[in-house]
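Each remark here refers to the structure printed beneath this line.
The values are calculated or read from the model by the stated rules, or taken from the named source; none is laboratory data. These numbers come from a predicted model, not from an experiment. Don't worry about glycine lacking a Cβ; one is built from the backbone with ideal geometry, like all the others, and counts go over all protein chains shown. Side chains included, ligands, DNA and RNA excluded: accessible areas come from the protein's heavy atoms. Shrake-Rupley method; radii C 1.70, N 1.55, O 1.52, S 1.80 Å.
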Amino acid sequence: MQLTSDPARREVTPLELFFDLVYVFAIGQLSHRLLVHPTWTGAAQALVLYLAVYAAWAYTTWAVTLVPAENPRTRRMLLGVMLAGLFMNAAIPRAFGDAGWVFVATFLLIHIGRTVWLLTVGLDRVNQEHFIRVLVWFVAAAPLWLTGAAVDGGARMAWWAAAVLVELAGTWAAHPLPGRTLDSREVAFAGGHLLERGRLFMIIAFGEAIMTTGTALTTAPYEPMTLLTSSVALIGTVALFWLFFSRSEHVVRHYERTEDPIRAGRSGVISLMASVAGIIAAAAGDERVIAHPVVHVGITTNLLLFGGPALYIGAQTWHGATLFDALSPARLVTLSALVVGCAVTTAAPAYLSAIIAATIVVALAVFEDRNQPGRERAKPLPPR
């Protein structure tokens, strides 16, 4: 018997939420790693690890939209991925040291093993064909991951970055092979379920951001400047939360009506990937400011404070343009303001940069709250 995905919006099961807890741990590990290594090299390493971890979560989540979590085989798969994912995420702090093989072995076990599993569960013809191509792409990237684990230092970074680029190219292009491509409109797909999983994962990311702020607050001296910077961090996080969830029901309605849920789902997965990276960066910046509020920020902290929200807002602006063929002028102005703010405050005290970055984000949230009907009348994009 072939399995077909129900395009209706299904409930998220407790096991799926339990599965996500492994990735709460991963986000915390990545945030801490970025704080311990606040350099360009450290940021690049954190990005490569994040993209691998996110791919493990996203492709597993996608699989559960095709074979529901109520299926006993899916439950066993999720528990297996959780076990391997726990070791993969535990290896994050030492992935570019003595735990490289642990990280790569568990990542490939998840990535390739889950895809092989999908090919054995009786997918419909179109999905079966598609995941054969996905497996080819994953296997093609595997030697790059393995070679990186076998070398040290900058060479490992280069090999793993190449592997990530292959992974991203495959995701972006829907894993084509010569003469074999996917017409996503032919596929029945539970896009609403994937969207709901993405929204819950975003809540997890925000929860980790709050934990990062709280941890920084507990370790800093209880002085007026600590209370000020902690309050600014929380207000900025709340504004980012509102910017995502105030628009999410509009996106839900699109997923329910669209004739191409695969295209919508793929752009949503990519947008979520960048949005969560933005939250991680912003949380790391907030923690640095709480710990050292009066020092001059410098470019590193400024990129976290302004670049994190810019990445977050920019990803969602792109996602909205993909779904609705419309751009929000207010969000484009906000992105410009974040770029300018980052450039002009590099010599300012850390607390001042944090206040300016949070003010820009809050201003956008207030504007959109007062002009909600206007969001659907955004400026159309040029014809494609």
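Brief remarks on what is shown
- Segment 153-163 - residue that is surrounded by fewer than 20 Cβ atoms within 10 Å (Cβ to Cβ) and of a type in the set (A, V, I, L, M) and, of those, farthest from Gly42 (Cα to Cα): Ala162
- Selection within segment 130-152 - open to solvent by less than 60 Å² (accessible area, probe 1.4 Å), in contact (Cβ under 8 Å) with a residue 40 or more places away in the chain and out of contact with any strand residue (DSSP E or B) (no Cβ under 6 Å at 6 or more places or on another chain): His130, Val134, Trp145, Gly148, Ala149
- Matching residues in segment 319-364 - criterion: being surrounded by fewer than 21 Cβ atoms within 10 Å (Cβ to Cβ), among the polar types (S, T, N, Q) and part of a helix (DSSP H, G or I): Thr322, Ser336, Thr359
- Pair list, Cβ under 9 Å, 6 or more apart: segment 276-304 residue under 14 Å from Thr213 (Cβ atoms), other residue in a loop (DSSP other than H, G, I, E, B) and among the acidic types (Asp, Glu): Pro293/Glu223
- Taking the listed residues Ala105, Ala69, Ala46, Ala56, the one that is assigned to a helix (DSSP H, G or I), small (Gly, Ala, Ser), over 26 Å from Leu305 (Cα atoms) and open to solvent by less than 40 Å² (accessible area, probe 1.4 Å) is Ala56, with no other qualifying.
- Segment 9-34: number of residues that are open to solvent by less than 40 Å² (accessible area, probe 1.4 Å), part of a helix (DSSP H, G or I) and not hydroxyl-bearing (Ser, Thr, Tyr): 13
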